[in-house]
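The structure appears right after this line, and notes come after that.
The values are calculated or read from the model by the stated rules, or taken from the named source; none is laboratory data. Not measured: the values here are computed from a predicted model. Here the Cβ is made from the backbone with ideal geometry for all residues, glycine too, and neighbour counts use every protein chain on show. Heavy atoms of the whole protein, side chains included, go into the accessibility calculation; ligands, DNA and RNA do not. Shrake-Rupley method; radii C 1.70, N 1.55, O 1.52, S 1.80 Å.
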Amino acid sequence: MTAFLRTFFLIFLSCQVIVFGGSAFIDHGFAAEPEALTKKSSGAWKEAALLDKGVSPGRRFVITWPAVTINDKGDAIAVWIKPDEDLWPRVRMSEYKNGKWEKPVLLSLATGDGKKPKVALAANGDAVVVWEQKDVKVDNRIFLAERRDGVWKTPRSDDESISIGNWFAWEQVVAMNDRGDTVIAWSQETENGEYAIFKSEYRNGKWLHPKDINDFISIRGEKGSGALRPSVALNNSGDTLIAWEQMDENRKSQIYKSEFRDNVWNHPQDFKDHINPRSSGRRDGAYRPQAAMDESGNAAIAWQQINGSSQGIYLSEFYNGAWRHPKAAGKTVNPPTMISPALHDLQMGRDGTAILLWSSYSNRRDALYKSELRDNTWRHSLEEEPFIASPTSFEFKIVGKSAVSKSDRVVVGWMQRESNQGSRVYIAEADKGKWRLPGQLMSDEAMQATGLAVAASPNGNSVIAWSQTDGKNEGIFARVFRANQ
């Protein structure tokens with residue numbers, strides 16, 4: 001495989017995991033003999049539907065990775081980016097209702113290019129889509145489209161961004177609970193040229209947006225203390241957790257958090273309020289936090305951290321009303337012998353079940369590992385227990401995403417590339433902790449898959465979407481699983 005193909009593969013290969021409730025521990029990679037199931041979950045995957053396809057006489061349209069969500073009613077939303085004929089990327093959306101996907105509609109403005117849409121859907125039908133958009137005045141702003149009481153509202157001008165003024169804003173994330181309460185967080189440039197974490201909240205039927213460029217939640221510091229990569233979690237009680245990484249006064253990246261409990265926000269007061277253990281190396285730092293929360297307010301934050309010559313995955317927990325943070329740099333989730341483990345995702349279900357996904361290069365192959373929280377006890381994979389593993393590292397690269405709910409159904413989606421084939425999308429399913437392995441091919445084996453998204457609802461509905469190219473244009477495809485109730 002050429003260096004170009006290896007680089008392309010590392011960029012575009014993705015895996016996502018959907019977990020519903022009581023999860024099982026996996027003791028083998030996909031090369032292992034699959035365990036038989038006594039009974040398959042009721043329900044079925046619909047045939048793949050083409051949601052949108054680039055049409056470009058003489059020019060190729062590139063469609064970026066989709067994002068998806070689904071609720072207990074079986075309604076789903078997919079969003080993605082596709083250029084128009086003028087080649088400006090636009091945010092598009094398709095909704096799954098009454099057993100079929102509707103015609104895509106345009107959400108973003110025609111005055112600039114949209115980027116990285118995120119979507120959330122409530123049990124009551126409310127929905128929010130957020131994205132970055134570049135316009136003629138500023139490189140990036142944050143915009144939202146929302147449906148309340150069955151009516152969609154989209155931005156009509158550049159002045160309707162939720163970010164502040166003409167300062168650069170990006171890395172937006174969104175969380176929504178069953179009644180439609182919503183929290184959006186993002187990173188934005190401040191007056192001194194650094195980045196801070198901002199938030200918008202929709203509670204009690206109205207939005208509360210930042211008042212000005214100084215109305216942010218991250219630590220106020222001197223130049224060099226930029227805050228990046230927020231992650232947000234929200235439960236049906238309204239409890240909220242936002243985590244991010246931020247440079248301290250020594251220009252080391254640390255992990256910080258803000259919490260909303262009992263209707264009060266608590267933000268970090270200074271640079272000493274980081275949750276990660278301090279490491280000693282000059283180039284050390286903590287990065288890419290992931291936040292999760294259950295219905296009781298229990299929560300977790302995971303991140304990856306460099307300590308000297310090693311890198312590890314770390315975990316903080318909020319349980320029985322108190323936080324427990326790792327005290328020393330050696331307290332990693334991953335075995336210490338692993339080479340450069342990387343964090344991919346952390347999710348927590350309503351009942352407190354949690355899944356943490358991470359990868360590492362081990363035994364001459366790339367592999368995805370998982371940690372699971374069940375019955376208030378974490379169980380972390382050993383080096384010889386990959387969840388998904390590759391035969392050779394340069395042909396297989398994996399990135400994980402996950403979601404957890406109370407139902408006892410698990411769906412895993414991933415992309416895999418063989419030595420002389422394009423990337424393909426697969427799923428594997430589990431019922432009551434029993435996996436059906438190896439996985440099922442979801443995408444067209446004759447076309448190259450280039451992106452993947454998976455989502456689930458508490459009762460076991462799920463949706464998988466991916467982008468796929470025929471060599472000229474890329475299209476968005478999706479399949480829906482409706483659980484029989």
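Out of (1) touching a residue at least 60 places away in the same chain (Cβ under 8 Å); (2) on the phi > 0 side of the Ramachandran plot; (3) not in a loop (DSSP other than H, G, I, E, B), the odd one out for Ser340 is which?
The single condition Ser340 does not satisfy is (1).
Looking only at segment 164-177, filter to residues that are over 19 Å from the mean Cα position of the chain (by Cα) and touching a residue at least 40 places away in the same chain (Cβ under 8 Å); which one of those is nearest to Thr240 (Cα to Cα)?
Checking each candidate, the answer is Ile164.
Looking for whichever is of a type in the set (D, E, K, R) and in contact with a Pro (Cβ under 9 Å, 6 or more places away or on another chain) here; the options are Arg278, Arg261, Arg283, Arg365. Which one fits?
Arg365
Looking at segment 262-300, which of its residues are in contact with a strand residue (DSSP E or B) (Cβ under 7 Å, 6 or more places away or on another chain), part of a strand (DSSP E or B) and not polar (S, T, N, Q)?
Within segment 262-300, Trp265, Gly285, Ala286, Tyr287, Arg288, Pro289, Ala291, Ala292, Met293, Ala299, Ala300 meet the criteria.
Kindly evaluate Trp303 against the criterion of being assigned to a strand (DSSP E or B), more than 30 Å from Val454 (Cα to Cα) and touching a residue at least 12 places away in the same chain (Cβ under 8 Å).
Judged against the criteria, Trp303 is not a match.
Out of Arg261, Arg229, report the one residue that is touching a residue at least 24 places away in the same chain (Cβ under 8 Å) and open to solvent by 50 Å² or more (accessible area, probe 1.4 Å).
So the residue among Arg261, Arg229 that is touching a residue at least 24 places away in the same chain (Cβ under 8 Å) and open to solvent by 50 Å² or more (accessible area, probe 1.4 Å) is Arg229.
Rundown of residues vs (1) at pLDDT below 70; (2) surrounded by 18 or more Cβ atoms within 10 Å (Cβ to Cβ); (3) of a type outside the set (S, T, N, Q); (4) part of a strand (DSSP E or B), yes/no style:
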site	(1), (2), (3), (4)
Asp27	yes, no, yes, no
Ala31	yes, no, yes, no
Glu35	yes, no, yes, no
Ser42	yes, no, no, no
Val55	yes, no, yes, no
Ile63	no, yes, yes, no
Lys118	no, yes, yes, yes
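The conditions are (1) in contact with a Ser or Thr (Cβ under 9 Å, 6 or more places away or on another chain); (2) surrounded by fewer than 20 Cβ atoms within 10 Å (Cβ to Cβ); (3) within 21 Å of Gly193 (Cα to Cα), and Asp270 fails exactly one of them. Which is it?
The one condition Asp270 does not meet is (1).
Report, by residue number, each residue of segment 129-179 that is part of a strand (DSSP E or B) and out of contact with any strand residue (DSSP E or B) (no Cβ under 7 Å at 6 or more places or on another chain).
Result: Arg148, Val151.
Could you please give the count of residues in segment 227-261 that are assigned to a loop (DSSP other than H, G, I, E, B) and touching a Leu at 6+ places or on another chain (Cβ under 7 Å)?
Residues flagged as assigned to a loop (DSSP other than H, G, I, E, B) and touching a Leu at 6+ places or on another chain (Cβ under 7 Å) within segment 227-261 amount to 0.
With surrounded by fewer than 23 Cβ atoms within 10 Å (Cβ to Cβ), touching a strand residue (DSSP E or B) at 6+ places or on another chain (Cβ under 7 Å) and closer than 30 Å to Ser237 by Cβ as the only criterion, which of Trp303, Trp323 stands out? Working first, answer last.
Details: Trp303 fails: surrounded by fewer than 23 Cβ atoms within 10 Å (Cβ to Cβ).
Exactly one of Trp303, Trp323 is surrounded by fewer than 23 Cβ atoms within 10 Å (Cβ to Cβ), touching a strand residue (DSSP E or B) at 6+ places or on another chain (Cβ under 7 Å) and closer than 30 Å to Ser237 by Cβ, namely Trp323.
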